[in-house]
Amino acid sequence: MAYDPRAYMLLKDNLDFMAPSSPGDPFYVDTEHARGEFSFRDIYMQLGINPDSFELLKPAKNQCLLFTGHLGCGKSSELLRLKSKLHDPTRYYVIHFDIRDVIDDNNCQYVDLLFASAQILFETMEKEGITIEDIYLQRLQQWFNQEIIEQQLDLALSSELKSEFQAGVSVPFFAKIMARLTGGLRSNASYKEKVRQAVRHTFAMFVDIFNALLDQAERLIIVRGLGKGLLFIVDNTDKLNNIDTQRFFVDDIHQLRQIRSNFIYAAQINLLFENRDLQKNYSLVHRLPMIRLFEKEDRTIRTDDQRFWEPIRQMVYKRVPREWFDSVETVDHLIAHSGGHPRDLVQLLHKTWLNALTYQFNRTAVDKAIKKIESEYRRLLTARDFERIRLVDQGQGDQINRDELVSLF
């Protein structure tokens, strides 16, 4: 075919390797059966859903699940798929949010999550036209009076609260106030610490107020026929720095577990290696593996194995139509060097696009892209790291010092 440089340039819009895809998106591919033994069955069962009939047999209560996996392995896409399957009047009302859209993921603690969850909850209730009884809102009003207004924590907010409280409280009002608070937590370090301190000193009171609001919200969702229970899916909590990750998921797990609702959090895979007792503190810890390119037992890449290769080829062809490649062998060569890692796959496609001098995804351009990725990894990894990775791959991770093992992830 004659390759059109203009059409080739437009392919760039398909090659954003940082953006997740979800069911209904043009780039989405169901990879569940291409990930080996992986399935969502255990998550469905933990949430009271029969994985065969997909019937909600009994709504779950106070479940706290971790969804782990390597960065870029597709956690965000799979969490969006979970939402699409679970968000249904006969199952759950799912509130999905990206923590980076609400609070500062470079400095995040459980207090920030409480306010973020409250903001999203109130915004959801406002969108659905759900009104929560005044008695529950007035308890939250009293907390604001005591901890924000009387303590003069935020003079501008205190003035606004005094004025608004005289007119009465409502769901839209608290949606606005919570957004104001989380905005302050995101941008002002000293303000952030003052608010956190206020919540820590009155945590039992605040979490009791929030739980009562959650209970009422869930009851009204059920009454309205919007779902049989409430489920929060919190994405990109796996992007927290190492200190915040340890504090958020391990040190402050007692506070997280006191929030009376169902939560699924994205989490760094290194948590599994750093904390041997992690599973004791969560209802379920679920690991998302890479897309499998071969059976580990024989270690032979067989591109004719449709279980694994067809889904990942579809990931390629949805972004770059097959006519832009010089051969299917070039496509499989690129896939093999991605290691079954979705983000690296799209990144390889992007670098191939950059290096294709003839406006064609050919073997020369793919090899240049592979070399660039290889050089980037070489800057990150030492010779000792490569040896440790080999041992892990061969199931000999027990020969590696635990601290060294953690550092690999």
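The values are calculated or read from the model by the stated rules, or taken from the named source; none is laboratory data. Everything numeric here is computed off the predicted structure, so don't read it as measured data. Glycine also receives a Cβ, built like all others from the backbone with ideal geometry; neighbour counts cover every protein chain displayed. These accessible areas exclude ligands, DNA and RNA; they are computed on the full protein's heavy atoms, side chains included. Shrake-Rupley method; radii C 1.70, N 1.55, O 1.52, S 1.80 Å.
I need the full set of residues from segment 3-26 which are surrounded by 16 or more Cβ atoms within 10 Å (Cβ to Cβ) and either in a loop (DSSP other than H, G, I, E, B) or within 25 Å of the chain's Cα centre (by Cα) (or both), in order please.
Answer for segment 3-26, where residues must be surrounded by 16 or more Cβ atoms within 10 Å (Cβ to Cβ) and either in a loop (DSSP other than H, G, I, E, B) or within 25 Å of the chain's Cα centre (by Cα) (or both): Asn14, Leu15, Phe17, Pro20, Ser21, Ser22.
Report every pair of residues separated by at least 6 positions or lying on different chains whose Cβ atoms are under 6 Å apart, first residue within segment 39-66 and under 19 Å from Ser84 (Cβ atoms), second of a type in the set (Lys, Arg) and not in a loop (DSSP other than H, G, I, E, B).
Going by the 6 Å Cβ cut-off, the qualifying pairs are Pro51/Arg41.
Among the helices (runs of 4 or more DSSP H) lying completely within segment 335-409, list those that include at least 1 residues that are of a type in the set (S, T, N, Q) and at pLDDT below 75.
Helices (runs of 4 or more DSSP H) meeting the threshold: 402-407.
Between Leu121, Leu137, which is crowded, with 20+ Cβ neighbours inside 10 Å, in contact with a helix residue (DSSP H, G or I) (Cβ under 7 Å, 6 or more places away or on another chain), modelled with pLDDT of 95 or more and of a type in the set (A, V, I, L, M)? Can you show your working first?
Numbers: Leu137 fails: modelled with pLDDT of 95 or more.
Of Leu121, Leu137, the one residue that is crowded, with 20+ Cβ neighbours inside 10 Å, in contact with a helix residue (DSSP H, G or I) (Cβ under 7 Å, 6 or more places away or on another chain), modelled with pLDDT of 95 or more and of a type in the set (A, V, I, L, M) is Leu121.
Are any of the residues in segment 222-236 open to solvent by less than 60 Å² (accessible area, probe 1.4 Å) and in a helix (DSSP H, G or I)?
Checking segment 222-236: not a single residue is open to solvent by less than 60 Å² (accessible area, probe 1.4 Å) and in a helix (DSSP H, G or I).
For segment 350-389, which positions are open to solvent by 70 Å² or more (accessible area, probe 1.4 Å), farther than 14 Å from Ser338 by Cα and among the aromatic types (Phe, Trp, Tyr)?
Tyr359, Phe386
Six or more apart or on different chains, Cβ under 7 Å: which pairs go from a residue in segment 204-223 that's at negative phi to one that's among the hydroxyl-bearing types (Ser, Thr, Tyr) and open to solvent by less than 20 Å² (accessible area, probe 1.4 Å)? Could you list them?
Final answer for the pair search is Leu214/Ser261; Ile221/Tyr93.
Pairs only if they're at least six apart or on different chains, beta carbon under 8 angstrom, first in segment 322-338 and more than 17 Å from Leu357 (Cα to Cα), second assigned to a loop (DSSP other than H, G, I, E, B) and open to solvent by 70 Å² or more (accessible area, probe 1.4 Å); list them, first residue then second.
From segment 322-338, the pairs are Ala336/Ile301.
Consider Gly72 carefully, then state whether it is at positive phi, touching a Pro at 6+ places or on another chain (Cβ under 9 Å) and surrounded by fewer than 21 Cβ atoms within 10 Å (Cβ to Cβ).
yes
Quick test of your reading of the structure: Val29 fulfils all but one of (1) closer than 21 Å to Glu310 by Cβ; (2) exposed (fewer than 13 other Cβ atoms within 10 Å of the Cβ); (3) of a type in the set (A, V, I, L, M, F, W, C). Name the failing condition by number.
Every condition holds for Val29 apart from (2).
Just one of the numbered conditions (1) touching a residue at least 40 places away in the same chain (Cβ under 8 Å); (2) crowded, with 18+ Cβ neighbours inside 10 Å; (3) more than 25 Å from Thr124 (Cβ to Cβ); (4) within 15 Å of the chain's Cα centre (by Cα) is not true of Ala266; which one?
Ala266 satisfies all of (1) touching a residue at least 40 places away in the same chain (Cβ under 8 Å); (2) crowded, with 18+ Cβ neighbours inside 10 Å; (3) more than 25 Å from Thr124 (Cβ to Cβ); (4) within 15 Å of the chain's Cα centre (by Cα) except (3).
Which of the following residues is touching a Gly at 6+ places or on another chain (Cβ under 6 Å) and either of a type outside the set (S, T, N, Q) or surrounded by fewer than 18 Cβ atoms within 10 Å (Cβ to Cβ) (or both): Leu293, Leu240, Leu256, Leu272?
None of the others qualify; the one that does is Leu293.
Going residue by residue through segment 71-85, is there one that turns out to be in contact with a Gly (Cβ under 8 Å, 6 or more places away or on another chain) and of a type in the set (S, T, N, Q)?
For segment 71-85, residues in contact with a Gly (Cβ under 8 Å, 6 or more places away or on another chain) and of a type in the set (S, T, N, Q): present.
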